[in-house]
Amino acid sequence: MKCLVTGGAGFIGSHLCGRLLRDGHEVICLDNLFTGSRANIAHLELDPNFSFMEKNVQVPFFAKVDWIFNLACPASPPHYQHDPVETVRTNVLGMMNMLDLAKTTGARVLQASTSEVYGDPLEHPQKESYWGNVNPISRRACYDEGKRCAETLCFDYHREYGVDIRIIRIFNTYGPNMAKDDGRVVSNFILQALRGEDITVYGDGSYTRSFQYVDDLIEGMLAMMKCEGFTGPVNIGNPGEFTIQELAQKVIGLVGSQSKITNLPAVDNDPKQRKPDISLAKEKLGWEPKVPLDEGLRKTIEYFRRVA
Ligand code: UDP
């Protein structure tokens, strides 16, 4: 297949591009390098089936492709809140451009949506049928509402123009190639533990998240792209749930660090808990995550030891 991966030089995008090439596909990687980096794809650039284009997904783009994976958008709170208007544009205009491309070429388009569409959820664990609890005027809304609008666009293009859509809702994901300045909890804690700095827990550490290793996500993403007759949305995440305090202790233990945990003020509109219900992914895709947290953290720690 000829594939277009927007956000292909980012953390998840770079893993996806590598996997598509290994599976024998051709890949065009489009990225404006705002949070992505050329270093993430350096090993792919030697492959004749790979091409990189430094472009913003907000600008219309044409290429004759079969599969479009739309991943372009800064995903960590500090990055997407840095220029919130730009985040909305990327989500909404980027999605429209990719849907227009799919409409013109007949390509199938997979949208990388997010568990953030559930906001600070009142239902736990979250099923796809839950409509969410999002504050539309909070600092997170540029991302949450942008991603919600992108899902709306997918379904409107599907109903109005018959565009072939797939939507996955990605829960917290970690692994090699996360940016050092990403500001997300796993990369922050690992880097702090490696440097012997205090581990910064926001609030009292009782909030929960469920962490998925990136290889599991890529499997789920490909299963969804290949699946016939199912648009989603479907949750792709690891249902193992941990408090942020537990994560901090685990990272300190695995690194063998002397770091201490310090509690900083809680952040604005931080969802208190998050855990996917993955029964739909199991039923429709025969998919479930395989990598336990300790094993994934060990691989991620190895990566940060090399690059930090
Ligand atoms: N968090 C933390 N310390 C950090 C970074 C994040 O305690 O250095 C907390 C954050 O407040 C949230 C959880 O970890 O409760 C996950 O945050 P992250 O930004 O990784 O992802 P998201 O909030 O998008 O799930």
Between ILE236 and residues 5 or more places away or on another chain, the pairs with built amide H atoms under 5 Å apart involve ARG169, ILE170, PHE171
Per residue, accessible area of the chain with a 1.4 Å probe, heavy atoms of protein chains only, in Å², comes to 43 Å²
Dividing the mean separation of Cα pairs under 8 Å (6+ apart) by the residue count of the chain yields a relative contact order in percent of 18 percent
Using alpha-carbon coordinates alone, the radius of gyration and Dmax of the chain in Å work out to 18.5, 58
For segment 189-198, Karplus-derived ³J(HN,Hα) couplings (6.51, -1.76, 1.60; θ = phi - 60°; whole Hz; x for glycine and proline) come out as 5, 5, 5, 5, 5, 5, 8, x, 8, 4
Expected vector for segment 160-165, Karplus 3J(HN,Hα) from phi with 6.51, -1.76, 1.60 and θ = phi - 60°, integer Hz, x for Gly and Pro, equals 7, 10, x, 5, 7, 10
Put GLU54, GLU123 in order of accessible area, largest first, probe 1.4 Å, and you get GLU54, GLU123
Connecting every pair of Cα atoms under 10 Å apart in the chain and solving the GNM, the largest mean-square fluctuation among SER76, SER257, SER129 falls on SER129
Compactness check, segment 79-162: C-alpha Rg relative to the 2.2 N^0.38 Å globular estimate gives 1.16
Carbon plus sulfur, as percent of the 1.4 Å-probe accessible area of the chain, comes to 50 percent
Counting only residues 5 or more apart in sequence or on a different chain, those whose built amide H sits under 5 Å from that of GLY119 are ASN133
Ignoring ligands and nucleic acids, TYR118 exposes an accessible area, probe 1.4 Å, in Å² to the nearest 10, of 0 Å²
Counting only DSSP beta bridges fully inside the chain, the antiparallel percentage to nearest 5 is 5 percent
In whole Hz, the Karplus estimates of ³J(HN,Hα) for segment 26-36 (6.51, -1.76, 1.60; θ = phi - 60°; x where Gly or Pro) are 9, 10, 9, 9, 10, 7, 9, 6, 5, 10, x
Counting only protein heavy atoms and leaving out ligands, DNA and RNA, the solvent-accessible surface of ARG140 at a 1.4 Å probe, in Å² to the nearest 10, equals 20 Å²
If amide H atoms are modeled at 1.01 Å from N in the peptide plane, then the residues at a separation of 5 or more from ASN177, or on another chain, having amide H under 5 Å from its own are none
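The values are calculated or read from the model by the stated rules, or taken from the named source; none is laboratory data. Because the structure is a prediction, the values reported are computed rather than measured. Heads up: the accessible areas ignore ligands, DNA and RNA and are worked out on the full protein's heavy atoms, side chains in. Shrake-Rupley method; radii C 1.70, N 1.55, O 1.52, S 1.80 Å.
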